[in-house]
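Following: one structure in structure tokens, then a few remarks.
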């Protein structure tokens, strides 16, 4: 009787972690869709320069709201030549930053979890 219960508990634990991760991804995806950014660029012979980047509507999560403008500045500093390439660079680098935010949130939850 105990063996089936232990096997059930053992198989239930791994299922919960991926489900929580999936739920977190869905929530973060919704938050990211809320963000509206005003991005003003100028073209010059060396590429694109960033004149202004500001968040018009945030998600309510400062760590997520900071990503678009921070990443745009990094992309411009790396010398993207066109606005189209700036957009692609921001999308690529944002994914890495979003993953870092999710990892930090998970680590914080694990550190504060009892036992």
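Quick notes
- Conditions (1) closer than 20 Å to residue 30 by Cα; (2) under 15 Å from the mean Cα position of the chain (by Cα); (3) at pLDDT 90 or above; number of the one not met by residue 54: (2)
- Checked against (1) touching a residue at least 24 places away in the same chain (Cβ under 8 Å); (2) within 21 Å of residue 21 (Cα to Cα); (3) over 13 Å from the mean Cα position of the chain (by Cα), residue 112 meets all criteria but (1).
- Test: residue 88 is exposed (fewer than 11 other Cβ atoms within 10 Å of the Cβ) and at pLDDT 90 or above: no
Quick grid of which residues meet (1) in contact with a helix residue (DSSP H, G or I) (Cβ under 9 Å, 6 or more places away or on another chain); (2) closer than 19 Å to residue 46 by Cβ:
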residue	(1), (2)
72	yes, yes
76	yes, yes
82	no, yes
85	yes, yes
93	yes, no
99	no, no
104	yes, no
113	no, no
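- Entry remark, the stretch 46-85: residues being in a strand (DSSP E or B), surrounded by 12 or more Cβ atoms within 10 Å (Cβ to Cβ) and without any contact (Cβ under 8 Å) to a residue 12 or more places away in the chain number 0 in total.
- No other residue among 21, 72, 66 is touching a strand residue (DSSP E or B) at 6+ places or on another chain (Cβ under 8 Å) and closer than 21 Å to residue 102 by Cα apart from 72.
- Residues that are exposed (fewer than 12 other Cβ atoms within 10 Å of the Cβ), over 16 Å from the mean Cα position of the chain (by Cα) and assigned to a helix (DSSP H, G or I) are absent from the stretch 93-107 altogether.
- Residue check for residue 112: at pLDDT below 90 and either farther than 15 Å from residue 31 by Cβ or surrounded by 14 or more Cβ atoms within 10 Å (Cβ to Cβ) (or both): yes
The values are calculated or read from the model by the stated rules, or taken from the named source; none is laboratory data. Predicted, not measured: the structure shown is a model, and the values here were computed from it. Every residue, glycine among them, receives a Cβ derived from its backbone with ideal geometry; neighbour counts consider all protein chains shown.
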